[in-house]
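The values are calculated or read from the model by the stated rules, or taken from the named source; none is laboratory data. Quick caveat, the model's predicted, so the values are computed rather than measured. Cβ coordinates were reconstructed from backbone atoms using ideal geometry, including for glycine residues, and neighbour counts include every protein chain displayed. Each accessible area value is taken on the protein alone, full model and side chains, heavy atoms only, with ligands, DNA and RNA left out. Shrake-Rupley method; radii C 1.70, N 1.55, O 1.52, S 1.80 Å.
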Amino acid sequence: MKTLRRIEQKEKTRRNLIRTSLNVFSNKGITSTNTAELAKYAHVSHGTIFLHFPKRDDLIFAVMNEFGDQLASKFEESSKNSKGIAGILKAHLQSLAEFEDFYTHLIKEISYLPDKVKSRLFILQSSISHRINIEAQKEIAAGKIKNIDRPMLFNTWVALLHYYIANKEVFFPKKSVISSIGDDLLKHFLNLIKK
């Protein structure tokens, strides 16, 4: 019984560290936040972090996995009743909206993050790309949109989105890019690809 409670407490502490880190990274950035700050916000000793995550990179990867799982779940939920490429792109925006602050830091800091975090982002992007391409192929076959190379279609969409998100401070200081111009970005992209 004691062992079970200890295991449950350990898992609870681990989950708290991941959730707290996701929140702190969303506000302060990933690379600029140290483990002492994370311990303070999580209300644990600094050493507790290293009991659960022997290296800082392990914690960052756990946070990335949490973000990836939540984003994938939101995207799946948002895209259930989506129709066509416009609907699936709208679902992508809706799923990113909740995590925009973290995602902003992630794309701005990705070159400084561990390789396994980069790989996890690539896998996440690939699954979203696949869903977008399924809808695009239907509309290409129906003659509604241009026959654009599959990777180029998604990469163009993400480049447009990332440009505004990465430059958020210039365009929309203290505001959400997605709520401010998400619909405009969607319309612009659809105009680029329609026949």
### Task
Could you tell me the accessible area of Arg14 in Å² (1.4 Å probe, neighbours in place), rounded to the nearest ten?
80
### Query
Length gain on complete extension for the stretch Ile134 to Asp57, per 0.36 nm per residue less the alpha carbon to alpha carbon distance?
24.3 nm
### Query
Between Ala159 and Asn191, what FRET efficiency comes out of the Förster formula 1/(1 + (r/R0)^6) with R0 = 22 Å and r the beta carbon distance, rounded to 0.05?
0.90
### Query
Percent of accessible area on the stretch 55-193 owned by carbon and sulfur, 1.4 Å probe?
54
### Helix-derived mean residue ellipticity, 222 nm - over the chain, DSSP H n ≥ 4, -39500 (n - 2.57), to 500
-26000 deg cm²/dmol
### Task
Name the lysines eligible as straight-distance cross-link partners of Lys90: C-alpha to C-alpha under 21 Å, and not fewer than 8 places from it in the same chain.
Lys74, Lys80, Lys138, Lys144, Lys146, Lys168, Lys175, Lys187, Lys194, Lys195
### Message
Suppose R0 equals 25 Å. What FRET efficiency, 1/(1 + (r/R0)^6) with r the Cβ-Cβ distance, do Glu11 and Ala72 give to the nearest 0.05?
### Response
0.70
### Query
Accessible area per residue of the stretch 1-137 at 1.4 Å probe, in Å²?
54
### Summary
The lysines whose Cα lies under 20 Å from the Cα of Lys10, excluding any fewer than 8 residues away in the same chain, are Lys2, Lys40, Lys55
